[in-house]
Amino acid sequence: MQPASTPRKPWAVLAYTVADDKSGGSDLDASAKIELKALCDAADFNRVSVAAQVDFKRTRGVYRGSITEPARDFVEVSAEQHPLWQKILGGIKRSRLRVLMEKADLNAARANVLQDFLGFGQRECPADRYVIVFYGHAYGPMGLFFDAAARQRQAATLRLNDLASSIEQVDGKAAVIVFRDCFMNTLETAYQLRNAAELMIASQSVVPVAGVWPWLGFVTTLMPGAATADVGQALAVQLAHLDDIVVRLGRNS
């Protein structure tokens, strides 16, 4: 049950970022910070809520942010303790941002961590429809994401079937899934997600690490009365320069 004080909105964006990398580089760390700030800057919080989880490479820990109450197994941290959250907080008007940091070493490439975040996003950002955005390295049919800290303990890549089963827990309300990840527009991905959402937007090729997506145009497509198919097509147009393609999945609206 959502808190009574939390208003239900037409849309919510649930952004899941894993900035870890099998190489020694940390380009995704810097890019993830820029992307998340741009998304929050673009959001109209009168009709769109945002929940985000970021697993950085160089900064220890997994961070969650939203208009929220503290979540189990996370401790509240001050926004001033991290420059990214401080900048986001400074740009949000008439909204409250809580930042949470994990107490344990979570493996963000595991299905249970993703599922827990999606549940968190639903509870703290109740909405009629959800857009789930993924950002990080991907390997097409072999799955996506990588968590170096957990490499020796568990499988490091999130498999497509585990991805699908996690998203299906969003109470049948995932309208659009967007991948800012390489090679995710495959038949294998679409098949696994057929019961998880209505539409998928992904690229068949490499997605650049650098650069910021057109989040302002992206968020303005999330109109309260718009059909999900129309929203998906509008989102795809916003991302057309990256050769993204909207795929209609098997789930009924």
Tell me which residues, restricted to the range 35-55, are closer than 14 Å to Pro7 by Cα, at pLDDT 85 or above and of a type in the set (S, T, N, Q).
Ser49
Among the residues in the range 84-107, are any modelled with pLDDT of 90 or more, within 30 Å of Leu199 (Cα to Cα) and of a type in the set (A, V, I, L, M, F, W, C)?
no
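Considering every residue within the range 203-226, establish whether at least one is part of a strand (DSSP E or B) and either modelled with pLDDT under 90 or surrounded by fewer than 14 Cβ atoms within 10 Å (Cβ to Cβ) (or both).
Yes: the range 203-226 contains one or more residues that are part of a strand (DSSP E or B) and either modelled with pLDDT under 90 or surrounded by fewer than 14 Cβ atoms within 10 Å (Cβ to Cβ) (or both).
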Tell me, yes or no, whether the range 113-135 has at least one residue that is modelled with pLDDT under 85, open to solvent by 30 Å² or more (accessible area, probe 1.4 Å), touching a Ser or Thr at 6+ places or on another chain (Cβ under 6 Å) and not in a loop (DSSP other than H, G, I, E, B).
no
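Given the criteria at pLDDT below 90 and in a helix (DSSP H, G or I), does Ala164 qualify?
no
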Can you run down the residue pairs with Cβ atoms below 6 Å, 6 or more apart or on separate chains, where the first is in the range 4-24 and modelled with pLDDT under 90 and the partner is of a type in the set (S, T, N, Q) and open to solvent by less than 20 Å² (accessible area, probe 1.4 Å)?
Lys9/Ser49
Kindly provide the set of residues from the range 144-161 that are open to solvent by 50 Å² or more (accessible area, probe 1.4 Å), at pLDDT 70 or above and outside any loop (DSSP other than H, G, I, E, B), ordered by number.
Asn161
Would you please name the residue that is surrounded by the most Cβ atoms within 10 Å (Cβ to Cβ), looking only at residues in the range 58-83 that are within 18 Å of Ala12 (Cα to Cα) and at pLDDT 75 or above?
Ser66
Test each condition in (1) assigned to a helix (DSSP H, G or I); (2) open to solvent by 30 Å² or more (accessible area, probe 1.4 Å); (3) over 16 Å from Arg129 (Cα atoms) for Thr189 and report the one that comes out false.
(2)
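The values are calculated or read from the model by the stated rules, or taken from the named source; none is laboratory data. Nothing here was measured: the structure is a model prediction, and the numbers come from that model. No Cβ is skipped: glycine too gets one built from the backbone with ideal geometry, and neighbour counts run over all protein chains shown. The area values use the complete protein model at the heavy-atom level, side chains included, leaving out ligands, DNA and RNA. Shrake-Rupley method; radii C 1.70, N 1.55, O 1.52, S 1.80 Å.
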